């Protein structure tokens, strides 16, 4: 537990897609992209910066600022061709293989949806969450 929070059960991506396709805006959408981030064994420093201290990740403490996430979602909706945004974030003590986040983006064409996914996940990771790797 981190701040009294326990990890949550991830959503059904099939249900999310079903709901998104039932939305009236779906007639404008030609593509959906899903991002499913999970806790990996390789430390972020090694993967991102090539820094290898020989350690391996055993788990992660994860928390997020819901208000900031809501702001970033609202900004993502302002992007060209984006009609559907859904975000789920886990919290608490996560183990290897646990889901960290699930994101669904729906939009008109591939370039818009890819850009929106990059933008949204990048902002969430850089501005809204706290990830502390347990080694």
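Could you list all residues from the stretch 12-29 that are loosely packed, with under 13 Cβ neighbours inside 10 Å and in contact with a helix residue (DSSP H, G or I) (Cβ under 9 Å, 6 or more places away or on another chain)? 12, the sole residue that qualifies. Looking only at the stretch 39-65, residues that are touching a helix residue (DSSP H, G or I) at 6+ places or on another chain (Cβ under 7 Å) and at pLDDT 95 or above come to 2 in all.
Scanning the stretch 97-133 for residues that are surrounded by fewer than 15 Cβ atoms within 10 Å (Cβ to Cβ) and within 17 Å of residue 13 (Cβ to Cβ) yields one hit, 97. Taking the criterion of being assigned to a loop (DSSP other than H, G, I, E, B) and in contact with a helix residue (DSSP H, G or I) (Cβ under 7 Å, 6 or more places away or on another chain), the residues of the stretch 73-98 that qualify are 79, 80, 81.
Collect the residues in the stretch 27-72 that are in a strand (DSSP E or B) and either farther than 17 Å from residue 93 by Cβ or free of Cβ contacts under 8 Å to residues at least 12 places away in the same chain (or both), keeping them in residue-number order. Before the answer, list the steps.
Let us first name the residues in the stretch 27-72 that are in a strand (DSSP E or B), namely 31-38, 59-64.
Scanning the stretch 27-72 gives 31, 32, 33, 34, 35, 36.
Evaluate the following for residue 36: is it modelled with pLDDT of 95 or more, closer than 20 Å to residue 10 by Cα and surrounded by 15 or more Cβ atoms within 10 Å (Cβ to Cβ)? No; evaluated as a whole, the condition is false for this residue. Could you check the stretch 69-119 and list, in sequence order, the residues that are closer than 20 Å to residue 19 by Cα and under 10 Å from the mean Cα position of the chain (by Cα)? Correct list: 86, 87, 88, 89, 101, 102, 103, 104, 117.
When you look at residue 18, is it modelled with pLDDT under 90 and more than 15 Å from the chain's Cα centre (by Cα), yes or no?
Details: modelled with pLDDT under 90: no; more than 15 Å from the chain's Cα centre (by Cα): yes.
Criteria not met by residue 18.
The values are calculated or read from the model by the stated rules, or taken from the named source; none is laboratory data. Everything quoted here is computed from the prediction, not taken from an experiment. Please note: Cβ atoms are built from the backbone with ideal geometry, for glycine as well, and neighbour counts cover all protein chains shown.
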